[in-house]
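The values are calculated or read from the model by the stated rules, or taken from the named source; none is laboratory data. Values in this document were obtained by computation on a predicted structure and should not be read as measured data. Because the Cβ atoms are built from the backbone with ideal geometry, glycine has one as well, and the counts that use them run over all protein chains shown.
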Amino acid sequence: MAHLVDGVLSMPVLAAGAVVAAAAVGYGLRRIGAERLPYVGLMSAAFFVASLVHIPVGPSNVHLILNGLLGVVLGWAAVPAIFTGLLLQAMFFGYGGITVLGVNTLIMGLPAVACWYLFARPMRDGEPFVWGAAAGAGAIVMTCGGVALALALSGREFLPAAQLVCVAHLPVVAVEAMLTGTIAAFLRQVKPEVLSLSLPMLRRAPADA
Amino acid sequence: MRRAAVGLLLALLATSVAAPAEAHRLKAFASVDGTTINGSAYFPGMGMARGVAVEVLAPDGSILATTTTDDEGRFTVTIRRRIDHRIVVDGGDGHRAEYLVRAEEMPQSLAGLPELSADVVAATTASAAPSPPPAAAVAPGATTIGPELEQAIDHAVARHIGPLREQLDAFEDAIRFRDILGGLGWIVGLTGIACYFIARKDQRG
């Protein structure tokens, strides 16, 4: 599912994934400052452990990913956090694999970054639960699309794979929407500066504020 | 925030320990009983994989058989030749698992040489088998044991050992608490290393 395993994708997809992921991780690492580092570590740990929380769905079953939450809290720094989590999951749990590490990082990391661009600012300025929920759900949907796309690029049919993955992940979408929304609302109340640590386009005039 | 985050982490940890299962990881297992391979596909700790495609490949990569798992995640394949059978289970959604059934587990009455075409099944005389490794232990008595008895013993042993092997295989893949702690320890350590580098940069700048 979300973690593609060794031997499913074709060579060019793996290679391209590795190169792009390396660039994204490098860019994300440069965005980690001293004040944000503890959150990166904490979020990486949450991501690492979240994969063990399972939701049984019919014949298959799926687990939490939390990439929406990582995205809105960390921004680009979510990519190295997710990379670290994936690497350790591959080593300790046998999830995913080393050759697909790059592709998996992109599949889960890019939706996180997209959620940050889309939802981080409205989450600070607007209703945090609603936008947090949107981020939680949106990230999973994008991740499913990414899985299907990676499979399609490796010569499988896009639609059946996408359907299979998306249907299986509907419960995760619901759970992550609730979870991310709740955490976002909580953070806004208790520690609002966390949500402002990494807002996109900070230098632009706050015209929409 | 910190308390909340630690709370979240602990809650996740608690749920994950309460149900130490792997979700998305597909596993395949197979064992030989006579001239059939009995196999299963499952998500460790989370039940069987129903209706997934199963491909059986020869060492040279050619497809020996294809099937799908039944409602209990099980499948059977008939062995035609005494060669390594590579079982590939594919869920179609990025799940994939492999299991190798070795030729040594298969009855020696089957023709093994890959050069033979697939329909050459015959060779019922046990002496035609090129290598006798699994029977070596009973070699002294082998001359007095008829092929039927040998088959019956193979069958009985397979029936008793099969579940055990399956269990062992699943056990090996179970995620344990130490794995989780180990991973978290790595993250703490990496964060510490990053702290060091950031601090050094700050000192210089």
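Numerical summary
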item	result
Check on A:A135, within 9 Å of chain B (Cβ to nearest Cβ) and in contact with a Cys (Cβ under 8 Å, 6 or more places away or on another chain)	no
Test for A:V5: is it touching a strand residue (DSSP E or B) at 6+ places or on another chain (Cβ under 6 Å) and either without any contact (Cβ under 8 Å) to a residue 24 or more places away in the chain or assigned to a loop (DSSP other than H, G, I, E, B) (or both)	yes
Helices (runs of 4 or more DSSP H) lying entirely in segment A:62-135 (those with 3 or more residues that are within 18 Å of A:K191 (Cβ to Cβ))	A:67-74, A:101-125
Selection from segment B:155-205 of residues that are without any contact (Cβ under 8 Å) to a residue 24 or more places away in the chain, within 13 Å of chain A (Cβ to nearest Cβ) and of a type in the set (D, E, K, R)	B:E172, B:R178, B:D179, B:R200, B:K201, B:D202
Some residue of segment A:79-95 being of a type in the set (S, T, Y) and under 9 Å from the mean Cα position of the chain (by Cα)	no
Selection count where residues are among the hydroxyl-bearing types (S, T, Y), buried (at least 19 other Cβ atoms within 10 Å of the Cβ) and part of a helix (DSSP H, G or I), scope segment A:142-199	2
Candidates B:I153, B:I180 - the one that is under 30 Å from B:T35 (Cβ atoms), touching a helix residue (DSSP H, G or I) at 6+ places or on another chain (Cβ under 9 Å) and either surrounded by 12 or more Cβ atoms within 10 Å (Cβ to Cβ) or not acidic (D, E) (or both)	B:I153
Residues (touching a residue at least 24 places away in the same chain (Cβ under 8 Å) and in contact with a Pro (Cβ under 9 Å, 6 or more places away or on another chain)) located in segment A:145-167	A:G146, A:L153, A:S154
Test for A:V100: is it facing chain B (nearest Cβ under 10 Å) and either within 14 Å of the chain's Cα centre (by Cα) or modelled with pLDDT of 85 or more (or both)	yes
Candidates A:F119, A:F158 - the one that is modelled with pLDDT of 90 or more and over 12 Å from the mean Cα position of the chain (by Cα)	A:F119
Residue satisfying condition, being within 14 Å of chain B (Cβ to nearest Cβ), surrounded by fewer than 21 Cβ atoms within 10 Å (Cβ to Cβ) and of a type outside the set (D, E, K, R), within set A:A90, A:A114, A:A77	A:A90
Residue within segment A:67-79 that is aliphatic (A, V, I, L, M) and touching a Pro at 6+ places or on another chain (Cβ under 8 Å) present	no
Those residues of segment B:67-83 which are away from chain A (no Cβ under 14 Å) and surrounded by 17 or more Cβ atoms within 10 Å (Cβ to Cβ), in sequence order	B:F75, B:V77, B:I79, B:R80, B:R81, B:R82, B:I83
Residue that is nearest to A:Y95 (Cα to Cα) [pool: residues in segment B:24-40 that are in a strand (DSSP E or B) and within 14 Å of chain A (Cβ to nearest Cβ)]	B:K27
Any hit, segment B:94-105, residues being surrounded by fewer than 17 Cβ atoms within 10 Å (Cβ to Cβ), among the aliphatic types (A, V, I, L, M), under 17 Å from the mean Cα position of the chain (by Cα) and outside any loop (DSSP other than H, G, I, E, B)	yes
